Amino acid sequence: MKRVAIYTRISRTPKESGDLEGDRLGVKRQETECREYAQKHALLVVDVMEDNDVSASTGRRRDSWESLLKLAQSGEIDGIVAWHPDRLYRRLADLAVLMKVVKDRNLKIYTVKAGEIDLSTPSGILMAEIMGAVAGHEVRHKAERQVSKAREMAHAGLWSGNRVPFGYRLDPTDKHNLVVHSGEADILRQARRRILAGHGLKDTTRWAKGALRDIGEPRETLTASTLRNVLMSPTIAGYRVYVPQSERDEWDQRRREKKSRFDDFQYRPGHLFEAKWDPIFSPEESRSMVSLFSNPERKNPGRAPKSMLSGLLYCQLCGSVLTYSRPKALGPVQEENTGPKPKYVGQTPSYKCSNNSLVCPGLGISAIQIEDYVVEIFRGVFSESPGFKIGTPKLNSLPDQDSRDRLVSLENKWLDLYGDNLMSRAELEKRVREVRQRIGQLDKLEARQSEETARDAAVNDSLTRWDWLTEKTGDQYHADRIAELRSIFKARIRRITILPTRRLWGRNFQELRVVPWYAGGEEPSIDEALAALHVAERDQLERVNARKAAEEARRQLRARRGGLK
């Protein structure tokens, strides 16, 4: 009795079987028929190997197939039983490997649907090659049908049946449609508002994970990059995406070679189709997210800001940025009735010049005092102008002759000229490249304008909650509100110059040291500010000297009175 191994394979687990986890019904049916064939032909089954949901036409690694070849090479089996020859191979390269094993070990190939295949004779090899060529043709023809079907579904705005995106659920009445999940959609809208208001991406991701847990839809594997991709996705803006495989392969190759960033790939009009499902973001809101995350000038690393004025304060002596400096904890100190508390070096946090050198020996200012001062400046603006709103100047638009419609019509005109053999291919490629570059510039300009408008709207929304944002616990502002305050200040203030001072005021805050430059306003004169500070210092010095002289006079008077006694 000849020893055989059964090999089963299916390219894709049937979804209509009702088992989306891969219950292996397809390969199990093959195994059952192969066992019946072996029993009918007096073959002893010594092993069963299966490749579930693995294609034989793509060249993808098939673990069980490779194990089968090793088992045959070892001489532990005399033959292989399969349901059909195309379960073993669909490429002539795999057939060549199988033929070598058959020749080396005098192996027999049995199939339920095609009978025994004798690869030791020219006729058997010819039949195997013909069946392999037919299988390859079937694969290519099937791929053409799938591409055509995918393109047709995209044009109709239908869902293709892949993984359901964040913010949606599959429509129970239509497998090609999506319905908005209200809880997740609200989280996406709030995440967008938080990011535009100044919160970091990682901080927003942590918030989103907590919000998802609160609504009973936990996603503990949610990462910052995943949330960024969701917020940039055309799907939640109501678009069905279809990109030809050739363009996807080109992009994947560039990404593997590390020659491209995510934002280098731009969806063109031919890639996006109006979807059947309802959008979560409007097209303008979606463009604002794409522009924000694709902006090369964006320096936000995604973490929550630790201070509200970082990046706005500059040293007058050397022009360097003042960085936020926290008190350093030395260790716990026992306090009466309160338990151990950390002991700090210094009394309060501060902003210090980052260029600590001989030219600028560490200019600094109290963080609590400067932040309170800036908050009071804005509070005064609101009291004088209750309807105060922040708005950035509109970006310059491209000339009218470079409108999108005109550029698209030009491209179509040149394509027609090329089709009539009135233009060379090289000339066509040059002109189309120029047109698409100008269309890309227009797209970026519109996206940037959408980003600026959306950011202004988010900041103005924060202004409506000004009293809540500026609430304090002790002498500190709430850490989760600093990001929005910081965005308000950055939208209205270009920079704040901190002037050096002599230590004449002790711990009292000197407003003359702070010289703000407001957005849209003229740059203040630092020389005039320094002169005013020097006058104030001179007056303060005179008052200090007068106070010292008075104290000395009183001391001498007391000494004389003591001598008389």
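For segment 168-294, the square roots of the Cα gyration tensor eigenvalues, ordered a ≥ b ≥ c, give a/c of at least 1.5 with a/b no greater than b/c, which places it in the oblate category.
What is the dipole size for segment 2-155, taken about its Cα centre, with +1 at each Lys and Arg Cβ and -1 at each Asp and Glu Cβ, in debye to the nearest 20? Let's see the in-between values first.
Working: 27 positive and 24 negative charges, 61 e Å.
Dipole of segment 2-155, to the nearest 20 debye: 300 debye.
Let me make sure I get this right: for segment 74-119, a, b and c are the square roots of the gyration tensor eigenvalues over alpha carbons, sorted descending. Under 1.5 in a/c it's rounded, otherwise prolate if a/b > b/c, else oblate. Which is it?
Oblate shape, in that a/c is at least 1.5 and b/c is the bigger or equal ratio.
Beta-bridge orientation, segment 2-155: approximately 15 percent antiparallel, per DSSP, counting only bridges with both partners inside.
Between residue 152 and residue 1, how high is the FRET efficiency from 1/(1 + (r/R0)^6) when r is the Cβ-Cβ distance and R₀ = 60 Å? Nearest 0.05. Don't skip to the end; give the middle numbers.
Numbers: r = 53 Å, r/R0 = 0.89.
E between residue 152 and residue 1, to the nearest 0.05, is 0.65.
Residue ranges 81-89, 480-488, 313-321 sort as 81-89, 480-488, 313-321 when ordered by packing (mean number of other C-beta atoms within 10 Å per residue, highest first).
Taking amide H positions as placed 1.01 Å from N in the peptide plane, with prolines and chain starts having none, which residues 5 or more places from residue 8, or on another chain, fall under 5 Å of its amide H? Under 5 Å from the amide H of residue 8: 49, 50, 51. When the Cα gyration tensor is reduced to axis lengths a ≥ b ≥ c, the ratio a/c stays below 1.5 for segment 37-138, which is therefore classed as rounded. For residue 111, the amide hydrogen comes within under 5 Å of the amide hydrogens of 82, 116, 117, counting only partners 5 or more places away or on other chains and with H modelled in the peptide plane. Derived scalar couplings between HN and Hα for segment 419-428 equal x, 8, 6, 9, 8, 6, 5, 5, 5, 4 Hz in order, rounded to whole Hz, by the Karplus curve 6.51 cos²θ - 1.76 cosθ + 1.60 (θ = phi - 60°), x for Gly and Pro. With 25 Å as the limit on Cα-Cα distance, the pairs of 2/103; 202/490; 142/430; 149/209 that go past it are 142/430; 149/209. Residues in segment 165-170 carry Karplus couplings, in order, of x, 4, x, 10, 9, 5 Hz; the curve used is 6.51 cos²θ - 1.76 cosθ + 1.60 with θ = phi - 60°, and Gly or Pro positions show x. Label-to-label distance, residue 93 versus residue 406, with points set 7 angstrom from Cα along the beta-carbon direction: 5.2 nm. Taking other C-beta atoms within 10 angstrom as a stand-in for reagent exposure, 518, 110 fall in the order 518, 110, fewest first.
Taking amide H positions as modeled 1.01 Å from N, with prolines and chain starts lacking one, the residues under 5 Å from residue 494 and 5 or more places away or on another chain are 517, 518, 519.
3J(HN,Hα) along segment 520-528: x, x, 6, 5, x, 7, 5, 4, 5 Hz, from the Karplus curve 6.51 cos²θ - 1.76 cosθ + 1.60 with θ = phi - 60°, whole Hz, x for Gly and Pro. Would you please give the FRET efficiency between residue 523 and residue 63, computed as 1/(1 + (r/R0)^6) with r the Cβ-Cβ distance and R0 = 41 Å, to the nearest 0.05? Once rounded, the FRET efficiency stands at 0.05.
You can think of it this way: the chain between residue 321 and residue 538 has 75.3 nm of extra reach, that is 0.36 nm per residue less the Cα-Cα gap. Between residue 219 and residue 246, the simple label model (points 7 Å from Cα in the Cβ direction) yields a spacing of 3.5 nm.
Can you tell me which of 200-206, 213-219, 233-239, 414-420 comes out highest on packing, and rank the rest after it, using the mean Cβ neighbours within 10 Å?
Working: 200-206: 19.1, 213-219: 11.9, 233-239: 21.4, 414-420: 13.4.
Result, highest mean Cβ count within 10 Å first: 233-239, 200-206, 414-420, 213-219.
Using only side-chain charges placed at the Cβ, +1 for Lys and Arg and -1 for Asp and Glu, the dipole size of segment 104-204 relative to its Cα centre rounds to 540 debye.
All of the numbers you see were taken from the coordinates with simple rules; none came from a lab. Fair warning: this is a prediction, and the values are worked out from it, not measured in the lab. Virtual Cβ from ideal backbone geometry, glycine too; neighbours counted across all protein chains shown.
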